[in-house]
Amino acid sequence: MPADRTALGAFLRSRRDRLTPAQAGIEAFPGPRRVPGLRKEELAVLAGLSPDHYSRLEQGRQHVVTDEVVQALSRALQLDEIERAHLRDLAAPTSRRRWAGPEVAQRPDPGMLRLMGALSHVPVLLLGRRTQVLARNGLLSAVLGSAAEPGSSFARWLFLDPDARVRIVNWADFAAAAVGALRYEVGRHPDDRRLVELVQELRDGDPDVAQWWDDQRVTFRTSLTKQLAHPTAGTLSFGIESVVGPHDPEQRLVVYTVEPDSPTARVLPLLASWTTEPQAAPGAGRSTT
(Lines give C-alpha, C1' and ligand atoms only; values in the text may rest on other atoms or scores of the structure.)
Protein backbone atom coordinates (compact mmCIF):
# COMPACT_ATOMS: atom_id res chain seq x y z
CA MET A 1 0.00 0.00 0.00
CA PRO A 2 1.24 3.61 -0.47
CA ALA A 3 3.39 4.82 2.42
CA ASP A 4 1.17 7.87 3.03
CA ARG A 5 -1.94 5.71 3.41
CA THR A 6 -0.05 3.47 5.84
CA ALA A 7 0.68 6.57 7.94
CA LEU A 8 -2.99 7.59 7.75
CA GLY A 9 -4.13 4.19 9.01
CA ALA A 10 -1.61 4.17 11.86
CA PHE A 11 -2.68 7.63 13.00
CA LEU A 12 -6.37 6.73 12.93
CA ARG A 13 -5.74 3.56 14.93
CA SER A 14 -3.76 5.44 17.58
CA ARG A 15 -6.47 8.08 18.02
CA ARG A 16 -9.19 5.41 18.10
CA ASP A 17 -7.33 3.47 20.79
CA ARG A 18 -7.16 6.47 23.13
CA LEU A 19 -10.92 7.26 23.04
CA THR A 20 -13.34 5.08 24.99
CA PRO A 21 -17.05 4.78 24.15
CA ALA A 22 -17.91 6.69 27.32
CA GLN A 23 -15.58 9.53 26.34
CA ALA A 24 -17.12 9.53 22.88
CA GLY A 25 -20.60 9.77 24.40
CA ILE A 26 -21.97 6.46 23.12
CA GLU A 27 -22.96 3.11 24.57
CA ALA A 28 -20.34 0.43 24.01
CA PHE A 29 -21.35 -2.15 21.44
CA PRO A 30 -22.09 -5.57 23.02
CA GLY A 31 -19.58 -8.40 23.04
CA PRO A 32 -16.01 -8.89 24.28
CA ARG A 33 -13.61 -6.01 23.66
CA ARG A 34 -10.11 -6.57 22.27
CA VAL A 35 -9.14 -2.90 21.88
CA PRO A 36 -8.41 -0.27 24.58
CA GLY A 37 -10.63 2.34 22.94
CA LEU A 38 -13.30 2.46 20.29
CA ARG A 39 -13.98 -0.43 17.97
CA LYS A 40 -13.82 0.24 14.26
CA GLU A 41 -17.59 -0.18 14.02
CA GLU A 42 -18.20 2.30 16.84
CA LEU A 43 -16.01 4.93 15.22
CA ALA A 44 -17.66 4.35 11.87
CA VAL A 45 -21.08 5.04 13.39
CA LEU A 46 -19.77 8.17 15.13
CA ALA A 47 -18.30 9.49 11.89
CA GLY A 48 -21.33 8.56 9.75
CA LEU A 49 -19.36 6.05 7.67
CA SER A 50 -20.02 2.46 6.79
CA PRO A 51 -17.84 -0.06 8.70
CA ASP A 52 -16.36 -1.21 5.39
CA HIS A 53 -15.44 2.34 4.36
CA TYR A 54 -13.71 2.98 7.67
CA SER A 55 -11.89 -0.38 7.55
CA ARG A 56 -10.51 0.52 4.13
CA LEU A 57 -9.22 3.79 5.54
CA GLU A 58 -7.40 2.12 8.42
CA GLN A 59 -6.00 -0.62 6.19
CA GLY A 60 -4.67 1.86 3.64
CA ARG A 61 -6.97 0.63 0.87
CA GLN A 62 -8.99 3.84 0.49
CA HIS A 63 -6.92 5.98 -1.87
CA VAL A 64 -9.37 8.90 -2.12
CA VAL A 65 -10.24 10.55 1.19
CA THR A 66 -12.61 13.50 0.89
CA ASP A 67 -12.53 16.63 3.04
CA GLU A 68 -15.96 15.69 4.38
CA VAL A 69 -14.63 12.35 5.64
CA VAL A 70 -11.62 14.05 7.23
CA GLN A 71 -13.90 16.51 9.02
CA ALA A 72 -16.23 13.74 10.20
CA LEU A 73 -13.34 11.66 11.57
CA SER A 74 -11.82 14.71 13.25
CA ARG A 75 -15.07 15.38 15.09
CA ALA A 76 -15.63 11.75 16.03
CA LEU A 77 -12.08 11.31 17.32
CA GLN A 78 -12.19 14.67 19.15
CA LEU A 79 -8.95 15.81 17.52
CA ASP A 80 -7.39 19.11 18.48
CA GLU A 81 -6.43 21.75 15.92
CA ILE A 82 -2.94 20.35 15.25
CA GLU A 83 -4.20 16.77 14.99
CA ARG A 84 -6.88 17.88 12.53
CA ALA A 85 -4.25 19.57 10.37
CA HIS A 86 -2.07 16.47 10.55
CA LEU A 87 -4.98 14.25 9.50
CA ARG A 88 -5.64 16.54 6.52
CA ASP A 89 -1.99 16.27 5.51
CA LEU A 90 -2.03 12.48 5.73
CA ALA A 91 -5.27 12.29 3.73
CA ALA A 92 -4.13 14.67 0.98
CA PRO A 93 -3.72 13.18 -2.50
CA THR A 94 -0.14 12.19 -3.28
CA SER A 95 -0.10 14.55 -6.26
CA ARG A 96 -0.60 17.52 -3.94
CA ARG A 97 2.16 16.47 -1.57
CA ARG A 98 5.16 16.17 -3.86
CA TRP A 99 8.05 18.63 -3.75
CA ALA A 100 7.71 20.96 -6.74
CA GLY A 101 11.37 20.65 -7.74
CA PRO A 102 14.94 20.70 -6.46
CA GLU A 103 15.20 22.05 -2.95
CA VAL A 104 16.56 25.56 -2.54
CA ALA A 105 19.15 25.99 0.20
CA GLN A 106 17.61 27.39 3.36
CA ARG A 107 18.61 30.94 4.24
CA PRO A 108 17.35 32.90 7.23
CA ASP A 109 14.65 35.41 6.45
CA PRO A 110 16.00 38.98 6.86
CA GLY A 111 12.92 40.06 8.76
CA MET A 112 13.37 37.24 11.25
CA LEU A 113 17.01 38.25 11.70
CA ARG A 114 15.94 41.81 12.47
CA LEU A 115 13.49 40.49 15.02
CA MET A 116 16.30 38.44 16.55
CA GLY A 117 18.35 41.60 16.89
CA ALA A 118 15.55 43.25 18.86
CA LEU A 119 15.49 40.26 21.24
CA SER A 120 19.18 40.19 22.06
CA HIS A 121 18.45 40.27 25.80
CA VAL A 122 17.05 36.70 25.71
CA PRO A 123 18.18 33.48 24.01
CA VAL A 124 16.79 33.20 20.47
CA LEU A 125 17.06 30.48 17.85
CA LEU A 126 15.86 30.44 14.21
CA LEU A 127 15.04 26.97 12.92
CA GLY A 128 14.26 25.85 9.39
CA ARG A 129 13.24 22.55 7.86
CA ARG A 130 14.38 19.40 9.65
CA THR A 131 15.27 21.54 12.73
CA GLN A 132 18.25 23.02 10.89
CA VAL A 133 19.74 25.93 12.79
CA LEU A 134 19.52 28.98 10.51
CA ALA A 135 20.64 31.52 13.09
CA ARG A 136 21.04 31.94 16.83
CA ASN A 137 22.34 34.60 19.18
CA GLY A 138 25.29 34.16 21.50
CA LEU A 139 23.09 34.06 24.57
CA LEU A 140 21.42 30.91 23.26
CA SER A 141 24.77 29.13 23.12
CA ALA A 142 25.73 30.36 26.58
CA VAL A 143 22.50 29.07 28.07
CA LEU A 144 22.47 25.68 26.35
CA GLY A 145 26.21 25.02 26.50
CA SER A 146 26.09 24.13 22.80
CA ALA A 147 27.57 25.99 19.87
CA ALA A 148 24.37 25.38 17.85
CA GLU A 149 26.27 26.38 14.75
CA PRO A 150 24.17 27.52 11.78
CA GLY A 151 23.70 24.56 9.48
CA SER A 152 23.66 22.05 12.32
CA SER A 153 20.65 20.02 13.40
CA PHE A 154 19.04 21.06 16.66
CA ALA A 155 17.28 17.68 16.88
CA ARG A 156 20.59 15.81 16.64
CA TRP A 157 21.95 17.85 19.54
CA LEU A 158 18.80 17.34 21.59
CA PHE A 159 18.67 13.56 21.17
CA LEU A 160 22.20 12.40 20.40
CA ASP A 161 24.36 14.69 22.57
CA PRO A 162 24.45 13.38 26.18
CA ASP A 163 25.03 16.92 27.45
CA ALA A 164 21.53 17.91 26.34
CA ARG A 165 19.92 15.55 28.85
CA VAL A 166 22.16 16.92 31.58
CA ARG A 167 21.57 20.59 30.75
CA ILE A 168 17.77 20.37 30.25
CA VAL A 169 16.22 19.39 33.58
CA ASN A 170 12.81 18.52 32.10
CA TRP A 171 14.37 16.97 29.01
CA ALA A 172 11.66 14.33 28.55
CA ASP A 173 8.83 16.89 28.29
CA PHE A 174 10.75 19.05 25.85
CA ALA A 175 12.06 16.13 23.79
CA ALA A 176 8.64 14.44 23.46
CA ALA A 177 7.22 17.68 22.06
CA ALA A 178 10.13 17.86 19.60
CA VAL A 179 9.31 14.37 18.33
CA GLY A 180 5.69 15.43 17.88
CA ALA A 181 6.85 18.42 15.83
CA LEU A 182 8.97 16.17 13.62
CA ARG A 183 5.96 13.92 13.02
CA TYR A 184 3.89 16.96 12.05
CA GLU A 185 6.61 17.98 9.57
CA VAL A 186 6.80 14.48 8.09
CA GLY A 187 3.04 14.61 7.57
CA ARG A 188 3.44 17.83 5.61
CA HIS A 189 6.45 16.61 3.62
CA PRO A 190 6.25 12.80 3.36
CA ASP A 191 8.52 12.79 0.29
CA ASP A 192 11.36 14.66 2.02
CA ARG A 193 13.97 11.90 2.01
CA ARG A 194 16.42 13.78 4.22
CA LEU A 195 13.71 14.40 6.82
CA VAL A 196 12.70 10.73 6.85
CA GLU A 197 16.35 9.72 7.20
CA LEU A 198 16.80 12.13 10.12
CA VAL A 199 13.82 10.64 11.94
CA GLN A 200 15.13 7.12 11.36
CA GLU A 201 18.58 8.13 12.63
CA LEU A 202 17.06 9.54 15.81
CA ARG A 203 14.84 6.50 16.32
CA ASP A 204 17.82 4.19 15.91
CA GLY A 205 19.97 6.28 18.23
CA ASP A 206 17.54 6.90 21.08
CA PRO A 207 14.89 4.46 22.36
CA ASP A 208 12.87 7.36 23.76
CA VAL A 209 12.46 8.77 20.26
CA ALA A 210 11.26 5.39 19.00
CA GLN A 211 8.69 5.16 21.79
CA TRP A 212 7.39 8.71 21.30
CA TRP A 213 7.28 8.29 17.54
CA ASP A 214 5.15 5.16 17.84
CA ASP A 215 2.53 6.91 20.01
CA GLN A 216 1.62 9.14 17.01
CA ARG A 217 1.62 12.39 18.98
CA VAL A 218 1.78 15.56 16.87
CA THR A 219 2.72 19.05 18.06
CA PHE A 220 3.43 22.41 16.47
CA ARG A 221 4.63 25.61 18.11
CA THR A 222 3.95 24.20 21.55
CA SER A 223 4.46 26.61 24.45
CA LEU A 224 6.59 24.89 27.07
CA THR A 225 8.49 25.70 30.23
CA LYS A 226 12.15 24.76 29.93
CA GLN A 227 14.26 24.24 33.03
CA LEU A 228 18.03 24.35 32.53
CA ALA A 229 20.85 23.45 34.89
CA HIS A 230 23.64 25.93 34.11
CA PRO A 231 27.04 25.03 35.65
CA THR A 232 27.71 28.65 36.66
CA ALA A 233 24.37 30.46 36.78
CA GLY A 234 22.44 27.65 38.46
CA THR A 235 18.85 26.78 37.58
CA LEU A 236 17.35 28.80 34.73
CA SER A 237 13.67 28.83 33.83
CA PHE A 238 12.31 29.88 30.44
CA GLY A 239 8.98 29.94 28.67
CA ILE A 240 9.56 28.69 25.13
CA GLU A 241 7.50 30.47 22.48
CA SER A 242 7.62 30.08 18.70
CA VAL A 243 6.93 32.63 15.98
CA VAL A 244 6.40 31.75 12.31
CA GLY A 245 7.26 34.51 9.87
CA PRO A 246 4.88 35.82 7.18
CA HIS A 247 7.16 34.98 4.24
CA ASP A 248 8.35 31.45 4.96
CA PRO A 249 6.18 29.17 7.13
CA GLU A 250 9.05 26.66 7.26
CA GLN A 251 11.09 29.08 9.42
CA ARG A 252 10.36 29.26 13.12
CA LEU A 253 11.80 31.75 15.59
CA VAL A 254 12.14 30.12 19.02
CA VAL A 255 12.28 32.66 21.85
CA TYR A 256 13.31 31.85 25.42
CA THR A 257 11.11 34.24 27.41
CA VAL A 258 11.61 35.08 31.10
CA GLU A 259 9.48 36.51 33.88
CA PRO A 260 10.48 40.11 34.65
CA ASP A 261 12.77 40.44 37.68
CA SER A 262 12.97 36.66 38.07
CA PRO A 263 16.27 35.03 39.09
CA THR A 264 16.74 33.97 35.47
CA ALA A 265 16.11 37.49 34.17
CA ARG A 266 18.62 38.91 36.62
CA VAL A 267 21.40 36.51 35.64
CA LEU A 268 20.97 36.79 31.85
CA PRO A 269 22.93 40.08 31.53
CA LEU A 270 25.92 38.38 33.14
CA LEU A 271 25.68 35.45 30.73
CA ALA A 272 25.28 37.87 27.82
CA SER A 273 28.54 39.57 28.73
CA TRP A 274 30.35 36.28 28.07
CA THR A 275 28.84 35.69 24.62
CA THR A 276 29.93 36.34 21.06
CA GLU A 277 27.99 38.05 18.28
CA PRO A 278 24.91 36.37 16.79
CA GLN A 279 25.57 33.86 14.04
CA ALA A 280 23.51 33.10 10.95
CA ALA A 281 23.76 30.83 7.97
CA PRO A 282 25.51 32.10 4.83
CA GLY A 283 23.38 34.40 2.68
CA ALA A 284 21.58 35.87 5.68
CA GLY A 285 21.17 39.22 4.04
CA ARG A 286 19.36 37.85 0.98
CA SER A 287 15.61 37.74 0.74
CA THR A 288 14.02 34.29 0.72
CA THR A 289 10.72 35.43 -0.75
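Brief remarks follow.
- Calculated P(r) of the chain - Cα pairs past 33 Å, %: 32 percent
- All C-alpha to C-alpha distances of the stretch 91-215, sorted into 10 Å bins beginning at zero, yield P(r) values of 11, 39, 35, 14, 1 percent in whole numbers.
- Accessible surface area normalised per residue over the chain is 49 Å², counting heavy atoms of protein chains with a 1.4 Å rolling probe.
- Surface composition of the stretch 37-159: carbon plus sulfur atoms hold 53% of the accessible area, using a 1.4 angstrom probe and ignoring ligands, DNA and RNA.
- Scattering profile of the stretch 115-155 at q = 0.14, 0.25, 0.28 Å⁻¹ [log10 I(q)/I(0), Debye over alpha-carbon scatterers]: -0.26, -0.80, -0.95
- Pairwise Cα distances in the stretch 1-143 exceed 23 Å for 52 percent of all pairs.
- Among 46-56, 169-179, sorting by the average number of other beta carbon atoms lying within 10 angstrom of each residue, highest first, gives 169-179, 46-56.
- One chain, two ends: Ala210 and Arg18. Fully extended at 0.36 nm per residue, the span grows by 67.2 nm beyond their Cα-Cα distance.
- Evaluated with a Cβ-only charge set (Lys, Arg +1; Asp, Glu -1), the chain carries a dipole of roughly 420 debye about its Cα centre, given to the nearest 20.
- Relative contact order, percent, the chain [alpha-carbon distance under 8 Å, six or more residues apart]: 20 percent
- Residue-wise HN-Hα couplings along the stretch 157-166, as the Karplus relation 6.51 cos²θ - 1.76 cosθ + 1.60 with θ = phi - 60° gives them from phi, are 5, 4, 9, 10, 9, x, 5, 5, 5, 6 Hz; Gly and Pro carry x.
- The calculated FRET efficiency for the pair Gln227 and Asp161, based on their C-beta separation and a Förster distance of 22 Å, comes to about 0.80.
- Largest accessible area first, the listed residues Arg75, Arg5, Arg165, Arg61 line up as Arg75, Arg61, Arg165, Arg5 when surface is computed with a 1.4 Å probe on the assembled protein chains.
The values are calculated or read from the model by the stated rules, or taken from the named source; none is laboratory data. Since we're looking at a predicted model, the values are computed, not measured. Please note: Cβ atoms are built from the backbone with ideal geometry, for glycine as well, and neighbour counts cover all protein chains shown. Remember, those area values only see protein heavy atoms, side chains included, never the ligands or the DNA or RNA. Shrake-Rupley method; radii C 1.70, N 1.55, O 1.52, S 1.80 Å.
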